[in-house]
Amino acid sequence: MPSTDDLRTSKYVKQSDVARPRVVTIAGWDKVNFSKQGEAPRYGYVLKLKGTDKLFKLNPTNGETIKSITGKKNFDDWFGVKIELYVNPEVEYGGQIT
């Protein structure tokens, strides 16, 4: 059934895409510009995941978590690794639980 989450489309994995924990396989990575049109470029990294056309934004926390799972820090060494995506209700961003 559609919900207000469906009104906000994104090419990146968002919380509503992970209503239940989901195991995915890392298929690649890319460097992308996250800035909006007209803003100065703001580059970051994303993972490509098998089974979805959405990209997973890497940040220091989830990058370090994947490094601890794999024992490897280079993104190329993560190809084929299975990870579980889930929502952690205790994560804070900007002083608010997100």
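The values are calculated or read from the model by the stated rules, or taken from the named source; none is laboratory data. Predicted model only: the values in this text are computed from it and were never measured. Note that each Cβ is placed from the backbone with ideal geometry, even for glycine, and that neighbours are counted across all protein chains shown. Only protein heavy atoms, including side chains, enter the accessible area calculation; ligands, DNA and RNA are left aside. Shrake-Rupley method; radii C 1.70, N 1.55, O 1.52, S 1.80 Å.
For the range 64-87, which positions are open to solvent by 60 Å² or more (accessible area, probe 1.4 Å), among the polar types (S, T, N, Q) and within 21 Å of R22 (Cβ to Cβ)?
T65, S68 - these are the residues of the range 64-87 that are open to solvent by 60 Å² or more (accessible area, probe 1.4 Å), among the polar types (S, T, N, Q) and within 21 Å of R22 (Cβ to Cβ).
Anything in the range 51-63 that is open to solvent by 70 Å² or more (accessible area, probe 1.4 Å) and not β-branched (V, I, T)? List them, or say none.
Result: G51, D53, K57, N59, P60.
For residues that are more than 14 Å from the chain's Cα centre (by Cα) and either assigned to a loop (DSSP other than H, G, I, E, B) or within 16 Å of K14 (Cα to Cα) (or both), tally how many sit in the range 52-86.
7
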